[in-house]
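Heads up, the thing below is written out as structure tokens.
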Amino acid sequence: MEGSPPTVTDTPADDLKPSFRSDVTVELVKHTASDADVLFAARVSTAGEQSLDELKKDPERSKGLINFLMRDRHGSPFEHNSMTFFVSAPIFVFREFMRHRVGWSYNEESGRYRELQPVFYVPDTSRKLVQEGRPGKYRFVEGTPEQHELVTRAMEDSYRQAYEAYREMLAAGVAREVARSVLPVGLYSSMYATCNARSLMHFLGLRTRHELAKVPSFPQREIEMVAEKMEAEWAKLMPLTHAAFNANGRVAP
């Protein structure tokens, strides 16, 4: 167990004021994941059941086996592990997340059953704002101070208006599942996401931009922020697997 999940509580109505963030939260809640899980699964094919002590006898052989599995795309040994993350991010990030269905399980907070808190996404000045080129062949470049000022003002004003309308409907007795319709995708939500190393590698291959990647990817920056934090946690749990992933072009086996 890696820590405990954050506690989510409803806030008294008088204390609800919109707040704004530009970051994301990723916490490793629990896991059963190690390089040994890959080795156990792979070696049963040729050697039958082995003890952990046997696996530790020859670390270079273990490293070589993991690299071989990654290089030749023998993927199933990388599925015998599990990681559960708590993620807090804007709703539009979760909508991209749920394009990843194989090897993933999700449970997201519900706007039907609890009053949603007024926390909204506003990008900071490090976020590139301007898209140049055409779809499939474009790049993002820095925005001007005036553009950043406009984005901040327009987003904050819109969020405040939307949340005021949401609260007004709730106060009038409108059901939460109806009132939530006015809230924007920049609202922060939270979820638990569970995956194995193979499904995480596929996610990272698409949702991070990396100099070692054989296949280029152009992720939206906000989901890449989540992916980077997940990768950092996974790299500590399965360093040999992570190294082999990088050494073989960051392509999921």
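The values are calculated or read from the model by the stated rules, or taken from the named source; none is laboratory data. What you see is a predicted model; the values in this text were computed from it and never measured. Cβ placement follows ideal geometry from the backbone for every residue including glycine, while neighbour counts extend to all protein chains displayed.
Okay, here's what the table says:
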item	result
Elements of type helices (runs of 4 or more DSSP H) in region 9-104, at least 1 residues being more than 24 Å from Val251 (Cβ to Cβ) and modelled with pLDDT of 95 or more	91-97
Single residue of region 221-253 satisfying the filter (in contact with a His (Cβ under 7 Å, 6 or more places away or on another chain) and assigned to a helix (DSSP H, G or I)) that is surrounded by the fewest Cβ atoms within 10 Å (Cβ to Cβ)	Ala235
Output for region 136-187, where each listed residue is touching a Lys or Arg at 6+ places or on another chain (Cβ under 7 Å) and in a strand (DSSP E or B)	Phe140, Val141
Residue selected from region 91-138 under the condition surrounded by fewer than 16 Cβ atoms within 10 Å (Cβ to Cβ) and among the aliphatic types (A, V, I, L, M), by the criterion nearest to Leu170 (Cα to Cα)	Met98
Residue ID - farthest from Arg73 (Cα to Cα), chosen from residues in region 27-44 that are of a type outside the set (A, V, I, L, M) and surrounded by fewer than 20 Cβ atoms within 10 Å (Cβ to Cβ)	Glu27
Which numbered condition Leu204 fails, given (1) in contact (Cβ under 8 Å) with a residue 12 or more places away in the chain; (2) surrounded by fewer than 22 Cβ atoms within 10 Å (Cβ to Cβ); (3) in a helix (DSSP H, G or I)	(2)
